[in-house]
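Every number here is computed from the coordinates shown, using simple stated rules; none is lab data. Everything numeric in this text was worked out from a predicted model, so none of it was measured. Cβ placement follows ideal geometry from the backbone for every residue including glycine, while neighbour counts extend to all protein chains displayed.
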Amino acid sequence: MRATDPPFLILTSLSSGPKHGHALLLDIESFAGVRLGPGTLYGAITRLEQRGLIEPLEAAERRRPYRITAAGSESFGIALADLRRLVKEGTSRLRAASA
Amino acid sequence: MSRRLGRRGEPRMSTWLLHAYPSAWRERYGAELASLIEADSEDGRVSMRVKLDVIGAGLTQRLRSSGLTGDEVPPERRIRAGVLLVLSAWAAFVVVGLVFAKTAEHWQAVTPKPDRGVPAAAYDGVLLAAELGTLAVLLGIVLTARPLIAFLRAGGWERVHLAVLRAFGSTGLTLAALTGVVAWAHHLTNAQRNGGDGLYSAAFLVVVLGGVLSIGLWTHAAIVTARQLPLTPGSLRRETILAAATTVTMAVMTVGSTIWWTSVHDSAPAFFGGGTLPVRMLAMTLVMSAATALAAAGTFRSARALHA
């Protein structure tokens, strides 16, 4: 999972609580500066739900909120740890090169 | 899902866009996505960016749901998807093969005898590959006979009858039109039959398009049916082997037909109208290459899923 992948962005957004599609789009745009298309968003939601990383809640009219599952939190935590390692490695190499 | 209407009473764009997705997906997510598209559009107008995004995502979802991409569906469905992709590519080959057969008529008569060796070998290779490919496809159909009977006995006809009746209808209409065109042809001169009579040419074209449509509809009926047949792992393995054999024959036909028309063109360019490049033959080679590539992708997909 890469940091700019829609599933990663969705898991990041849902980490702070359940959200429906439109709230997800707005939240992702605010923290990542990326405006996902509705089709892209729901393609990622479908895959995340199939993998058991997120789950749907009761729909309000046609809007259905989603929340991150325990498996999703664990998987997201592992991805973040990988990312932290990469950031640390990249930063130290950059420092070594400029020193 | 209720049918949503726009301001002028026509179905909303959001509802229309959902048709890019498979029906099972629409049942589950359709209302949510339509609501999101409407919330995301300004003044009720859906931007081109959003339309392309939704259509692209819908087609991607269709590929995933059919088992042609991704790993969400079970290996058994991925094997079927790969084999059925080979069948679809074969259907395209049947159409192109008819064009090839018609074009190649009497080629020996215009090619100098010393130059006939290479095209004759290529032509014979194409015919042999076509026969072997047809045999592999027919064998694949025969292997599904018992599961097909079991499927029909279990009430499967209800689930496939529309696709089969559509194919029957198209074939019946095409045969009726063909009978009329053949009867008409008996009253025309050779020149009139070969482009001299515009109305006859148009009627002939309609028959050809009807034939292509019928092949397409029969292929669709076969796919709709085969997706639902109760096939054992052994049957799926055999179907994959036959699909691989069919793909090989398609590759041989693509190479053989290309060697044939390039060598005939070198010796007797007038046979293709005398131009520098025979456009019809180039188009035929392109379609054959694309179909072979699709068949290879289908075979690869099935073989990988077989070992998953």
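No solvent, one uniform scatterer per C-alpha: report log10 I(q)/I(0) for the range A:6-98 via the Debye equation at q = 0.16, 0.20, 0.21 1/Å, two decimals.
-0.67, -0.93, -1.00
Which whole-angstrom value gives the distance between the alpha carbon centres of the range B:12-44 and the range B:165-235?
So the separation of the two Cα centres works out to 36 Å.
Would you kindly compute the Cα radius of gyration of the range B:63-121 and its largest Cα-Cα separation (Dmax), both in Å?
Rg, Dmax (Cα atoms, Å): 20.0, 58.
Does anyone have the angle between helix B:48-66 and the longest principal axis of chain B? Alpha-carbon axes, 0 to 90°, nearest 10?
80
Per residue, how much space in cubic angstrom lies within the convex hull of the C-alpha atoms of chain B? Let's see the in-between values first.
Details: hull volume 60.0 nm³, N = 308.
Here the figure is 195 Å³ per residue.
I'd like the mean, over residues of A:59-67, of how many other protein chain beta carbons sit within 10 Å of each residue's own Cβ. Working shown, then result.
Details: counts 3, 0, 2, 12, 5, 5, 1, 1, 0.
For peptide A:59-67, the averaged partner shielding equals 3.
For chain A, what does -39500 (n - 2.57) per DSSP helix run (n ≥ 4), summed and divided by total residues, give at 222 nm, in deg cm²/dmol to the nearest 500? Before the final figure, lay out the partial values.
Working: 4 runs with 63 residues, N = 99.
Mean residue ellipticity, 222 nm, calculated: -21000 deg cm²/dmol.
A:Ile54's amide H: which non-local residues (gap 5+, or another chain) put their own amide H closer than 5 Å, with H modeled 1.01 Å from N in plane and none for Pro or chain starts?
Excluding prolines and chain starts, which carry no amide H, the hits are A:Glu49, A:Thr69.
Check the straight Cα-Cα distances from A:Lys19 and name the aspartates and glutamates below 20 Å, setting aside those fewer than 8 residues away within the same chain.
Straight-line reach from A:Lys19, under 20 Å: A:Asp5, A:Asp27, A:Glu29, A:Glu49, A:Glu55, A:Glu58, A:Glu61, A:Glu74, B:Glu32, B:Glu38, B:Asp40.
How large is ³J(HN,Hα), in whole Hz, for each residue of the range B:180-193 in order, when computed from phi with the Karplus curve 6.51 cos²θ - 1.76 cosθ + 1.60 and θ = phi - 60°, using x for Gly and Pro?
x, 5, 5, 4, 5, 4, 5, 9, 10, 7, 4, 5, 5, 5
Non-local amide H neighbours of A:Lys19 (under 5 Å, H modeled in plane, Pro and chain starts lacking H): which ones?
A:Tyr66
Expressed as a whole number of Å, what is the distance separating the alpha-carbon centroids of the range B:259-283 and the range B:121-145?
The distance from the Cα centre of the range B:121-145 to that of the range B:259-283 comes to 26 Å.
For B:Asp40, B:Asp115, what's the fewest-to-most ordering of other Cβ within 10 Å of each Cβ? Walk me through the numbers on the way to the answer.
On the way: B:Asp40 21, B:Asp115 14.
The fewest-first ordering by Cβ neighbours comes to B:Asp115, B:Asp40.
Quick one: 3J(HN,Hα) in Hz for the range B:71-85, Karplus 6.51/-1.76/1.60 with θ = phi - 60°, rounded, Gly and Pro as x.
These are the phi-based 3J(HN,Hα) values: 10, 6, 8, x, x, 4, 6, 5, 5, 4, 4, x, 5, 6, 5 Hz.
Based on the Cα gyration tensor of the range B:13-66, what are the three equivalent ellipsoid semi-axes, each the root of five times an eigenvalue, rounded to whole Å and given largest first? The partial results should precede the final answer.
On the way: eigenvalues 76, 29, 10 Å².
They are 19, 12, 7 Å, listed largest first.
Given the range B:108-181, what whole percent of its Cα pairs are spread farther than 14 Å?
78
Quote the relative contact order of the range A:1-73 in percent (integer), defining contacts as alpha-carbon pairs under 8 Å separated by 6+ residues. Display every interim value, and only then the final one.
Values: 89 pairs, mean separation 24.4, N = 73.
Result for the range A:1-73 is 33 percent.
In a Debye calculation with equal point scatterers on the alpha-carbon sites of the protein assembly as shown and no solvent, what is log10 I(q)/I(0) at q = 0.06, 0.07, 0.11 Å⁻¹?
Debye intensities relative to I(0), on a log10 scale: -0.39, -0.52, -1.03.
Specify the angular offset, from 0 to 90 degrees and rounded to the nearest 10, of the alpha carbon long axis of helix B:117-143 from the longest principal axis of the alpha carbons in chain B.
So the inclination is approximately 40 degrees.
Could you work out, for the range B:181-308, what percent of all Cα-Cα pairs fall into each 5 Å distance bin, beginning at 0 Å and stopping at the bin that holds the largest distance?
2, 9, 11, 13, 15, 14, 13, 9, 7, 5, 3, 1, 0
Through the Karplus equation 6.51 cos²θ - 1.76 cosθ + 1.60, θ set to phi - 60°, convert the phi angles of the range B:284-293 into ³J(HN,Hα) values in whole Hz; use x for Gly and Pro.
3J(HN,Hα) across the range B:284-293, in whole Hz: 4, 5, 4, 5, 4, 5, 5, 5, 5, 4.
With runs of 4+ DSSP H residues as the only contributors, calculate the mean residue ellipticity of chain B at 222 nm using -39,500 (n - 2.57) per run, divided by the residue total and rounded to the nearest 500. Mind dumping the intermediate values first?
Details: 11 runs with 232 residues, N = 308.
Here the helix-only value at 222 nm equals -26000 deg cm²/dmol.
What does the structure give for B:122-135 when I average, per residue, the other chain Cβ atoms found within 10 Å of the residue Cβ? Numbers along the way, then the final one.
Values: counts 0, 0, 0, 0, 0, 0, 0, 0, 0, 0, 0, 0, 0, 0.
Mean inter-chain Cβ contacts per residue within 10 Å come to 0.
Using DSSP to call loops (not H, G, I, E or B), can you name the GluC sites (Glu not before Pro) in chain A whose Cβ has at most 15 other Cβ atoms within 10 angstrom?
Values: sites: A:Glu29, A:Glu49, A:Glu58, A:Glu61, A:Glu74, A:Glu89; in loops: A:Glu58, A:Glu61.
Answer by residue number: A:Glu58, A:Glu61.
Counting only Cα, what are the radius of gyration and maximum Cα-Cα distance Dmax of the range B:1-115, in Å?
When restricted to the Cα atoms of the range B:1-115, Rg and Dmax are 22.8, 74 Å.
How well do other chains shield peptide B:27-34, expressed as the mean number of their Cβ atoms within 10 Å of each residue Cβ? Kindly include the intermediate steps, with their values, before the conclusion.
Values: counts 0, 4, 8, 2, 5, 13, 9, 2.
Averaged over the peptide's residues, the number is 5.
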